[in-house]
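First up is the structure itself, then whatever we jot down about it.
The values are calculated or read from the model by the stated rules, or taken from the named source; none is laboratory data. No experiment lies behind these values; they were computed from the predicted model shown. Positions of Cβ are generated from backbone atoms using ideal geometry, with glycine treated the same way; all protein chains shown enter the neighbour counts.
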Amino acid sequence: MDNTITSNEKETRLFGKKLAKRLKGGGVICLYGDLGAGKTTLVQGIAEGLGIDRRINSPTFIIVRKYDDFWHIDLYRLKSLEEARAVGIEEILSDPKNVVAIEWPEVIQDILPKHHIEVRINIVGQKREINEIIY
Ligand code: ADP
Ligand code: MG
């Protein structure tokens, strides 16, 4: 387990950027943390690290966004595994060349691929404590 403290948004983005550099052509990153923890910020860094120059944001109600082989998925509004299946989560996860970053992955816990990266972000005042576990 790897533990990192970031002091601002930029440092969290940089964490994501570095993480992306370690993904060799595919991978699933699960991002856990409260609203405002910095999950989307970290995803912006992942996209940057993958060389995607489009802006990554989180408009309400959009669950799945695709940028070439990079997928940004936000399951915040979903209540069940069935709802996640309905948006095609299994197909997305099954293609090994996809890089998939998932916010609020709790509802798909039971179908996560054996190999994935778990990132947990805790809010500690103005700082963020980021724990990473590689499965
Ligand atoms: P989430 O997707 O987890 O809901 P966001 O990435 O959308 O969170 O928002 C994180 C918010 O917290 C932003 O407003 C950002 O400016 C702020 N923030 C403060 N400190 C940090 C930090 N160390 N890392 C990331 N975001 C931070
Ligand atoms: Mg978010």
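Pairs under 6 Å by beta carbon, first residue more than 15 Å from HIS116 (Cα to Cα) and assigned to a strand (DSSP E or B) in the stretch 1-27, partner near ligand 1 (Cβ under 8 Å from one of its atoms) and not β-branched (Val, Ile, Thr), six or more apart or different chains?
Final answer for the pair search is ILE5/LYS127; THR6/ARG128.
Quickly run through the stretch 50-72 and pick out the residues that are touching a residue at least 12 places away in the same chain (Cβ under 8 Å) and more than 16 Å from ligand 1 (Cβ to nearest atom).
LEU50, ILE52, ARG54, TYR67, ASP68, ASP69, PHE70
Return the only residue of LEU31, LEU78 being buried (at least 17 other Cβ atoms within 10 Å of the Cβ) and more than 8 Å from ligand 1 (Cβ to nearest atom).
LEU78
Can you pull out the residues in the stretch 53-76 that are outside any strand (DSSP E or B) and at pLDDT 95 or above?
Correct list: ILE63, LEU75, TYR76.
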